[in-house]
Amino acid sequence: MCKLLSALFFILLTAGALARSFELSVYNDGYYLYYEFPRFGNNAWFEVTMGKRRGLAGVVDQVKNKASK
């Protein structure tokens, strides 16, 4: 169990160090993850967004999505 937790921590640390933008929030009823890779480069190779943010940040995201459509 300890090896599993240490491996998971190492993977998260490495992914965060290589990311241009990395945001992870865990709530009681859900989560939010935003990941953009690679750190050094003009354009992102890929971007992952899962879950929804709470509070004012979530409202701003919804307004941005509606404005882009």
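The values are calculated or read from the model by the stated rules, or taken from the named source; none is laboratory data. What you see is a predicted model; the values in this text were computed from it and never measured. Note: ideal-geometry Cβ built from the backbone for every residue, glycine included; neighbour counts use all protein chains shown. What goes into the accessible areas is simple: the full protein's heavy atoms, side chains included, and nothing from ligands, DNA or RNA. Shrake-Rupley method; radii C 1.70, N 1.55, O 1.52, S 1.80 Å.
Structure values in brief
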item	result
Nearest 10 degrees, 0 to 90: helix 2-18 Cα axis against the chain principal axis	50 degrees
Charge dipole of the chain about the Cα centre (unit charges at C-beta), most positive-ward option of PHE10, GLY30, VAL63	VAL63
Helix 55-68 axis, angle to the chain major axis (alpha carbon atoms, nearest 10°)	60 degrees
Charge context of VAL59, other residues only, Cβ under 15 angstrom, K/R +1, D/E -1	+4
Label assignment, mean projected area of the Cα convex hull in nm² derived from the structure, set (1) 6.3; (2) 4.8; (3) 6.7	(1)
Average accessible area per residue (Å²) across the chain - probe 1.4 Å, nucleic acids and ligands excluded	85 Å²
Most to least accessible of SER21, SER6 (protein chains only, probe 1.4 Å)	SER6, SER21
ALA15-ASN28 pseudo-label distance in nm [points 7 Å out on the Cα-to-Cβ vector]	2.6 nm
Percent carbon-and-sulfur accessible area, the chain, ignoring ligands, DNA and RNA, probe 1.4 Å	64 percent
Sequence of SER25, SER68 from largest to smallest accessible area, 1.4 Å probe	SER68, SER25
